[in-house]
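Data first, discussion second: the structure below is written as structure tokens.
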Amino acid sequence: MSATSLQPSPDSIDPFEDPAGSEVSNADAALTLTVDRNATLTLGTDALIILDEGLKYRRKPRNFCGLLPQLSKTTRAVPFYNILWAELVHFEVTIHYARPSGKNACRVAYVNYAVLDKTYFAQAQAWVDALLSRAYPAGVRRRPRMKVMINPKGGQGYAQKLWRREIEKIFAAAHCEADVERTAYRGHAANMAEQLDVNAFDVVACASGDGLPHEVFNGLARRRDATGALRKIAVVQLPCGTGNAMSLNLNGTDSPSLAALAIVKGVRTPMDLVAITQGDQKYYSFLSQSVGIIAESDLGTERLRWMGPMRFTWGILVRLLGKTVYPAELSVAIEEDDKRVIKERYRKARTAHEQSGPQHSSPAIPRLSNDSLPPLRYGTISSPLPETFTHQSLPTLGNFYTGNMAYMAPSTPFFPVALPADGCQDMVIVDGLLPRLTALRMLTTVESGANIDFPEVSYRKVTAYRITPRVVEKRDVSKGWRAKFGRWLGGQGGHKDGFIAVDGERVPFEAFQAEVVPGLGTVLSKRGGVYEFEGPPGTP
Ligand SMILES: Nc1ncnc2c1ncn2[C@@H]1O[C@H](COP(=O)(O)OP(=O)(O)OP(=O)(O)O)[C@@H](O)[C@H]1O
């Protein structure tokens, strides 16, 4: 059984619904704790069941303007996934849990009962322990020690507020230790990660967009004990930025509170990182690299920030309609380029993961080793081109996009068969001279993951590549009404150089080499081993 089937998602199950389907798994009395107010607390199959006559007279959590106390049923179910902590102190059982609040959030609530029978302490303690082990099943570490890094400039500048309002209380209720620090400048998170006392923490949580996790991976990679640190410290995202792909992929949400709950219940998961060498620089990417339309639509549309997230889609549309091309030379180590085989392998990997269940992951944190980073198999951008690479000239390249995760943005699983640690990146190449209508149709299939099936989309699993973008000679693009109109539309306008994006950040427009380093990074995820996107149509 999969982790998710054991742990219903908080937004799909309302703890205050009648617990249909959450019956007591057997009649074992040890599963039920009798408490005061004539109530019982029972460990069901996948939820804690509270039977309490008094609930009838409590207000329902969401009543009309809080004016009409509604009668509710006498039974409630709280999924184990939502249980944050339980304890027995002075014959009082207190259970904190995450209660859905609105459509896309949760907040901390609790119940509290006295154990009346004073000879019953040992049994009550055993019951609380049993509840905690259901709330934190195999593979989930209790009370992780977290270094929280908040980017006050991330997204629309609300990260600090979101931390206070939506996240902090969930971590506190789950008894997590959190050492909080705000980033003061670009690169600060990398410096903090580089100097982190890795023995004192299990997790670095970034209250930010995807920029801070990128920095943290790289800060850890700069250490002498880089490999050990990257394996010991799980890097996670509390989605507070503009781009929150990491959280969408690992936790299936970009809601800060739901992500906080997912992190509390997260399974340690190894994840491939991609070593990038460019000029004399070497750094790591965890999410994506793009040359061409995606990079330009993301980084070259700053003037359109007023549009919000729409500016990206608009940027793509303008370029698609303009049939913009980004010529490049590509050399690549291809692992598989038959889409049918790729999809079949993905399906098998998911099935194997579902069958192995959450037990395959261990909450045990490896002992810190002093190993530095493994050497690169294919050298750097300065090394001779490996003979095993396949060479391709791409004079009319429209989109070059490689990804290590499925979602690149909400509802945009650009790489529908990506896996966290399959030792490969997914590479998409699309020609820039596609008929406009075909290009638009293709764009509309991304949401379902069916873009992989488009004959015009080249989709491969690759282990390394080198790409050399060519600078296209342009007319003087800074003057004239055409240029002005183009800029106003968010088109190429005044950019003389092209764009390359690594994890959404701009890097110099020059050749780079990328190589997958299998399982080098560690993250926490909801399922451990697969991303939250279910796969392209036809994946069971
Ligand atoms: N105090 C700070 N001042 C300015 N920049 C910072 C600060 N702290 C972090 N940064 C930088 O902000 C960048 C973007 O951060 P993040 O990904 O959290 O936000 P975002 O809103 O999703 O990103 P973007 O601005 O790229 O859309 C990161 O590269 C990071 O280095």
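The values are calculated or read from the model by the stated rules, or taken from the named source; none is laboratory data. Owing to the predicted nature of the structure, the values given are computational and were not obtained by experimental measurement. Quick reminder, even Gly has a Cβ in these numbers, built from the backbone with ideal geometry, and neighbours come from all protein chains shown. Accessible surface areas use protein heavy atoms only, side chains included; no ligands, DNA or RNA. Shrake-Rupley method; radii C 1.70, N 1.55, O 1.52, S 1.80 Å.
Yes/no matrix, rows are residues, columns are (1) within 16 Å of the ligand (Cβ to nearest atom); (2) free of Cβ contacts under 8 Å to residues at least 40 places away in the same chain:
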residue: L131; (1), (2): no, no
residue: G139; (1), (2): no, no
residue: G157; (1), (2): yes, yes
residue: I167; (1), (2): yes, no
residue: F171; (1), (2): no, no
Go through region 499-525 and give me each residue that's away from the ligand (no atom under 16 Å from the Cβ) and small (G, A, S). A511, A514, G519, G521, S525
Before we move on, is E473 open to solvent by 10 Å² or more (accessible area, probe 1.4 Å), of a type in the set (D, E) and at pLDDT 95 or above? no
Among the listed residues R340, R268, R345, identify the single one that is open to solvent by 10 Å² or more (accessible area, probe 1.4 Å), at pLDDT 85 or above and within 30 Å of L84 (Cα to Cα). R268
Does region 193-217 hold any residues that are open to solvent by less than 20 Å² (accessible area, probe 1.4 Å) and either within 15 Å of the ligand (Cβ to nearest atom) or not assigned by TED's automatic domain parsing to the domain that holds E166 (or both), and which are they? A193, V204, A205, C206, A207, S208, G209, D210, L212, P213, V216, F217
Report yes if some residue within region 220-236 is assigned to a helix (DSSP H, G or I), in contact (Cβ under 8 Å) with a residue 40 or more places away in the chain, more than 16 Å from the ligand (Cβ to nearest atom) and open to solvent by 40 Å² or more (accessible area, probe 1.4 Å); otherwise report no. yes
List pairs: first in region 271-288 and under 17 Å from G187 (Cβ atoms) and charged (D, E, K, R), second modelled with pLDDT of 95 or more and in a strand (DSSP E or B), Cβ under 9 Å, 6+ apart or cross-chain? K282/A275; K282/I276
Among (1) under 26 Å from G252 (Cα atoms); (2) touching a residue at least 60 places away in the same chain (Cβ under 8 Å) - the single one L440 does not satisfy: (1)
